[in-house]
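Scroll down for the structure; my scribbles are underneath it.
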Amino acid sequence: MSVLLIIIFILSVAYYLIIAHRSQYESKYHKQRTRDILILGIIIWSSNKINLSITVAPLELAGILIFAYGWLVVIYEQFKIGKAKNISEDEKSSNG
């Protein structure tokens, strides 16, 4: 891959992050989905480059990385839900 393409990619990601930080989405859900699509694109794009140093097929590597990312998102969301429930239960017990 040419150095110019890598530079364009890095500038595109930086521009996206700046725009995503400033933009007004209809909801937090849209902002999260946009971030997810960006991460999936980076995983698929980079899986071929990572494949050069290991013996796993690029598509298999991309699948593994996407699955791991999805798993981490589920774990994080469940953690936030549990934390919010715990905080609300603590507030109820301190008030009562």
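Other residues lying with their Cβ under 13 Å from the Cβ of Ile42 contribute a combined charge of +1, Lys and Arg counting +1, Asp and Glu -1.
Counting neighbouring beta carbons within 10 Å and listing from fewest to most, the residues Thr34, Thr55 come out as Thr55, Thr34.
On C-alpha positions alone, give me the angle between the axis of helix 58-95 and the longest principal axis of the chain, in degrees, nearest 10. So the helix axis and the longest Cα principal axis differ by about 20 degrees. Per-residue Cβ neighbour counts within 10 Å put Leu38, Leu4 in the sequence Leu4, Leu38, beginning with the fewest. Working from Cα positions, state the angle (0 to 90°, nearest 10) between the long axis of helix 3-22 and the longest principal axis of the chain. Result, in degrees: 20.
Considering the chain at the alpha-carbon level, its Rg and Dmax are found to be 19.0, 65 Å. A full extension of the chain between Phe9 and Trp45 corresponds to an added length of 11.9 nm, given 0.36 nm per residue minus the alpha carbon distance. When Rg and the Kirkwood Rh are both derived from Cα coordinates, the Rg/Rh ratio for the stretch 43-86 amounts to 1.25.
Take the Cα of Ile81, step 7 Å along the line toward its Cβ, and report every residue of the stretch 32-64 whose backbone nitrogen sits under 19 Å from that point. Within reach of a label on Ile81: 32-33.
Any read-out appearing in this document is the output of simple, stated calculations on the displayed coordinates, not a laboratory observation. None of the values given here were measured: they were computed from a predicted structure. Using ideal geometry, Cβ is built from the backbone for each residue, glycine included, and neighbour counts are taken over all protein chains shown.
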